[in-house]
Amino acid sequence: MTWFESPAETEKRLAEAGYLADTATATTTYLAAALGKPLLVEGPAGVGKTELAKAVSRATGAELVRLQCYEGLDEARALYEWNYKKQLLRIQASQGQAWDETHDQIFTEEFLLTRPLLTAIRNEHPTVLLVDEVDKTDVEVEGLLLEVLSDFQVSIPELGTVGAVRRPLVVLTSNATRELSEALKRRCLFLHVDHPDKERERAIVVSQVPEVEEALAGQVVDAVAALRQLELRKSPSIAETVDWARTLVALQVGTLDDDVVARTLGVVLKHASDHDRALAALAGERRRR
Amino acid sequence: MTLLDRHTDFLHALRAAGIPVSLAEGLDAVRAVDALGLGERETLRAAYAATLLKRQAHRPGFDQVFDLYWPALVGDGVGDGVGDGVGDATDPEEAVGPSDGPAELADLRERVEQALAADGAADGADAGDLTALAREAVARFGRIRGRGPGEQRWSAYNTLNRVAADDLGGRAAVRRFEELVETEVRRRAAEVRGPDHVARHAVRTAVDQLDFSRASRAELDRMRHEIQPLARRLASRLHREQRDRRRGPLDFRRTVRASMSSGGVPLTTHHRPRRPGRPDLVVLCDVSGSVAGFAGFTLMLVFALREQFDRVRAFTFVDDVHEVTDDFTRGADPADALARLSASAAHASRFGRTQYGRAFTRFAEQHRDALTPRTHLLVLGDARSNYGDLALPVVADLVHAARRSWWLNPEHPRHWGTGDSEAPEYAALLPMVECRNLTQLGEFVHDLA
């Protein structure tokens, strides 16, 4: 199956799935599908890295298999595990049987618990495999991923090598809290997603919060853009812009004036020092006017 | 020149600009270009970026090299009314170039102002207009006079000087225009002299390889944004390594309890966590003019890392010592802190000339109690002491009092000991480490833990 026809078509279908991608994102997504290479998406929190994978699965009607990474993730939870409780039951139930027979029986598909990576590989239907926040894992898990990502196969000692029935489209996301190994990066296409320009961001706000008025959406996007110009500990992301628009709709506010900004700033800025700085900048702006 | 030659030259130029591109990545790039075709320039850029880049810090350098090897247009472009800069040399009008009188200047300034205003209102919508204006500005006002045909040079400095765009719009917008002009000048130069020549001389280094002392103001800003993720990255790495080593004595109770589920056989052993010993850190920082930029960055990183240390105390000195710990309260604004830090230089100097010996002596007199057997001592400075007294015994005593000590020097080791540099004398007492860019700083902090 071909995933997408061309970059332009990718952009269109992602937009239909509710994800407004820019040229670079659409082109790279298309390339990842066309070349059959994993796509490593990097960028600040809340710019829609995970959402990209979800949108691809929605746009192509593929199944989404998600592996959420965290510190201490291991093979048993990423790849596969033997269901040893069921195996014990099997052994107890087969009292009197010869050992060889039992042995052959307990290491079969029936007793295999597949975890996300193996599930994605064995799936007969088109699959999008999302490996989320890959930078949170330990270095050993990266080694595990290498075999899966480059050859799309998994070696299980008792069963042999399980190859992919159909190549999944792999999307890895990372917040860059640590450098990923060169070996992993080399196997991936790299895409850096950043805060979008105003035009696109306004479109995103309007599509995510349909109740919001055009003018208010414009004001919110302008205000967020101004906030990003300030030197903040955490710049507001798209997710926060959307939250802000939602808040204003819920409060039934028609225009974004200074008072409203001061009252609802907590939705966009999550650090006390950022808050103070933004208000100071706002006051300075007013004095100049 | 075939397309393949262009491709390999491009890869070579990227490598020369400090962006590691492997053979396999080059092959991937060819496959990607093959899958996409050459129809669209931005698509080509995206294809190369996706396959060759592995780190966002390399992006500015990549874009510059890309613009050189895959230019948007040749000469002055077609049909935009201004003459062809490289082409027909016999035509006298062409050799003189498009007119650049005061009338054209006023007209262009007005249009740039409008474009910048429109650019501010609807971000990205008028980028094409602005690019065209930058092109025209360079064609009209950037030409260096007195060169023969085929020898033309263009200068971003001349262009920006004549156009004087500073008062035409907001700072960010003007900066964008300046960047466009610089890109255009590089493109023009690449056409005349070949892209490899320009790539070698004009492409800027990635921000994590950049010297603290040589960075321009825009690059300093970018570095400051880079330092927070760097600290986070280092902190998480340090944390991970600490955790790995944290296997303490056997926890008998937990091991026995866990063995219940496996019929009394202790399959996994449990251990008591080892108590993490977190050291104190004392930073002594030279804030005289010559190393100010370097010191600011290092201090920012040290304070970003303060979760790793129990207590951090910082002192600045020129020829006297001043404590600045309170300027870095938790969650304080980094920009304010940096401003206060440079203001503190006034408190740290008596006569205004760096004197390491004096500063160390004053520190030993006033803040000797800051150093304990749990303290790490960090000295930041270029060890240029204006031929003053070095107070080596005092320094030896300080080093002895601290648990470990280091000296970070922003100068290249080959300059140590030249002129009034006293680096070798101090290096004999405590390990001196070269630290000129973010990469070296990151490596040092990693070794610190």
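From (1) modelled with pLDDT of 70 or more; (2) within 25 Å of A:D197 (Cβ to Cβ); (3) among the hydrophobic types (A, V, I, L, M, F, W, C), pick out the condition that doesn't hold for B:A127.
Against the list (1) modelled with pLDDT of 70 or more; (2) within 25 Å of A:D197 (Cβ to Cβ); (3) among the hydrophobic types (A, V, I, L, M, F, W, C), B:A127 comes up short only on (1).
Can you tell me which residue is most open to solvent (accessible area, probe 1.4 Å) among those in the stretch B:406-428 that are more than 21 Å from B:P279 (Cα to Cα) and hydrophobic (A, V, I, L, M, F, W, C)?
Step by step, filter the stretch B:406-428, then rank; the result is B:A428.
Scan the stretch A:228-248 for residues that are within 13 Å of chain B (Cβ to nearest Cβ) and either open to solvent by less than 30 Å² (accessible area, probe 1.4 Å) or farther than 21 Å from A:E51 by Cα (or both) and report the count.
Restricting attention to the stretch A:228-248, the residues satisfying the condition of being within 13 Å of chain B (Cβ to nearest Cβ) are A:228-235.
Those left that are additionally either open to solvent by less than 30 Å² (accessible area, probe 1.4 Å) or farther than 21 Å from A:E51 by Cα (or both): A:228-233.
Going through the stretch A:228-248 one residue at a time, the tally reaches 6.
Among the numbered conditions (1) closer than 14 Å to A:R200 by Cβ; (2) more than 14 Å from chain B (Cβ to nearest Cβ); (3) of a type in the set (S, T, N, Q), tell me where A:T25 comes up short.
So A:T25 meets the others, but not (2).
I'm told A:E142 meets every condition in (1) over 19 Å from A:D74 (Cα atoms); (2) in contact with a helix residue (DSSP H, G or I) (Cβ under 6 Å, 6 or more places away or on another chain); (3) not β-branched (V, I, T) except one. Can you identify the failing condition by its number?
(1)
Residues in the stretch A:259-266: is at least one at pLDDT below 90, under 28 Å from the mean Cα position of the chain (by Cα) and not in a helix (DSSP H, G or I)?
No: the stretch A:259-266 contains no residue that is at pLDDT below 90, under 28 Å from the mean Cα position of the chain (by Cα) and not in a helix (DSSP H, G or I).
Would the stretch B:23-34 turn up any residue that is under 17 Å from A:S6 (Cα atoms) and facing chain A (nearest Cβ under 8 Å)?
Yes: one or more hits.
Specify the residue that is most open to solvent (accessible area, probe 1.4 Å); the eligible residues are those in the stretch A:118-134 that are touching a residue at least 60 places away in the same chain (Cβ under 8 Å) and of a type in the set (D, E).
If we filter the stretch A:118-134 for residues that are touching a residue at least 60 places away in the same chain (Cβ under 8 Å), which is where we start, we get A:123, A:125-134.
From the residues that got through so far, the ones that are of a type in the set (D, E) too are A:132-133.
Details: A:D132: 5, A:E133: 53 Å².
Applying the filter and picking the extreme gives A:E133.
Which residue out of A:E51, A:E63 is closer than 23 Å to A:Q208 by Cβ, modelled with pLDDT of 90 or more and either of a type in the set (S, T, N, Q) or surrounded by fewer than 23 Cβ atoms within 10 Å (Cβ to Cβ) (or both)?
Numbers: A:E63 fails: closer than 23 Å to A:Q208 by Cβ.
Only one candidate qualifies: A:E51.
Of all the residues that make up the stretch B:52-66, how many are within 21 Å of B:R31 (Cα to Cα), open to solvent by less than 20 Å² (accessible area, probe 1.4 Å) and part of a helix (DSSP H, G or I)?
The qualifying residues number 4.
So, of the residues in the stretch A:92-107 that are under 46 Å from the mean Cα position of the chain (by Cα) and over 17 Å from A:E158 (Cα atoms), which turns out to be surrounded by the most Cβ atoms within 10 Å (Cβ to Cβ)?
A:S94
In the stretch A:11-25, what residues are touching a helix residue (DSSP H, G or I) at 6+ places or on another chain (Cβ under 6 Å) and either over 21 Å from A:G43 (Cα atoms) or outside the structural domain of A:E42 (by TED's automatic domain parsing) (or both)?
A:R13, A:A17, listed by residue number.
Within the group B:R224, B:R245, which residue is open to solvent by less than 60 Å² (accessible area, probe 1.4 Å) and at pLDDT below 80? Spell out how you get there, then give the answer.
Details: B:R245 fails: open to solvent by less than 60 Å² (accessible area, probe 1.4 Å).
Matching residue, one of B:R224, B:R245: B:R224.
Of all residues in the stretch A:184-222, which are within 11 Å of chain B (Cβ to nearest Cβ) and open to solvent by 20 Å² or more (accessible area, probe 1.4 Å)? Before you say what the answer is, go through the steps one by one.
The initial filter retains those residues of the stretch A:184-222 that are within 11 Å of chain B (Cβ to nearest Cβ), namely A:184-202, A:218, A:221-222.
Once the filter is applied, which keeps residues that are within 11 Å of chain B (Cβ to nearest Cβ) and open to solvent by 20 Å² or more (accessible area, probe 1.4 Å), the stretch A:184-222 yields A:R186, A:R187, A:H192, A:D194, A:H195, A:P196, A:D197, A:K198, A:E199, A:R200, A:R202, A:D222.
Within the stretch A:28-58, can you find the residues that are within 11 Å of chain B (Cβ to nearest Cβ), part of a helix (DSSP H, G or I) and over 22 Å from A:A176 (Cβ atoms)?
A:Y30, A:A33, A:A34, A:L35
When you scan the stretch A:152-183, how many residues do you find that are part of a strand (DSSP E or B), touching a Lys or Arg at 6+ places or on another chain (Cβ under 7 Å) and open to solvent by less than 10 Å² (accessible area, probe 1.4 Å)? Give the steps one after another, and end with the answer.
Keep residues of the stretch A:152-183 that are part of a strand (DSSP E or B), which gives A:153-156, A:160-163, A:169-174.
Then keep just the ones that are touching a Lys or Arg at 6+ places or on another chain (Cβ under 7 Å); that gives A:162, A:173.
In the following step, the residues that additionally are open to solvent by less than 10 Å² (accessible area, probe 1.4 Å) were identified as A:173.
Selection size over the stretch A:152-183: 1.
Within the stretch A:125-135, identify whether any single residue is closer than 30 Å to A:I106 by Cα and within 14 Å of chain B (Cβ to nearest Cβ), and answer yes or no.
No, the stretch A:125-135 contains no residue that is closer than 30 Å to A:I106 by Cα and within 14 Å of chain B (Cβ to nearest Cβ).
Considering only residues of the stretch B:1-22 that are outside any helix (DSSP H, G or I) and over 18 Å from A:K37 (Cα atoms), which is farthest from the other protein chains (Cβ to nearest Cβ)? Outline the logic, then answer.
Applying the first criterion (outside any helix (DSSP H, G or I)) to the stretch B:1-22 yields B:1-2, B:17-22.
Checking which are over 18 Å from A:K37 (Cα atoms) leaves us with B:1-2, B:17-20.
On the way: B:M1: 26, B:T2: 23, B:A17: 17, B:G18: 16, B:I19: 12, B:P20: 9 Å.
Checked the stretch B:1-22; the qualifying residue farthest from the other protein chains (Cβ to nearest Cβ) is B:M1.
Is it fair to say A:A225 is surrounded by fewer than 16 Cβ atoms within 10 Å (Cβ to Cβ), at pLDDT below 90 and either in a helix (DSSP H, G or I) or within 14 Å of chain B (Cβ to nearest Cβ) (or both)?
No; evaluated as a whole, the condition is false for this residue.
Can you run down the residue pairs with Cβ atoms below 6 Å, 6 or more apart or on separate chains, where the first is in the stretch B:33-51 and closer than 15 Å to B:R6 by Cβ and the partner is among the polar types (S, T, N, Q) and open to solvent by 30 Å² or more (accessible area, probe 1.4 Å)?
Here the result reads none, with nothing in the stretch B:33-51 linked to a residue that is among the polar types (S, T, N, Q) and open to solvent by 30 Å² or more (accessible area, probe 1.4 Å).
The values are calculated or read from the model by the stated rules, or taken from the named source; none is laboratory data. What you see is a predicted model, and the numbers here were worked out from it, not measured in a lab. Neighbour counts are summed over all protein chains in view; Cβ atoms, including those assigned to glycine, are modelled from backbone coordinates with ideal geometry. Please note that ligands, DNA and RNA were not included when accessible areas were found on the heavy atoms of the full protein model with its side chains. Shrake-Rupley method; radii C 1.70, N 1.55, O 1.52, S 1.80 Å.
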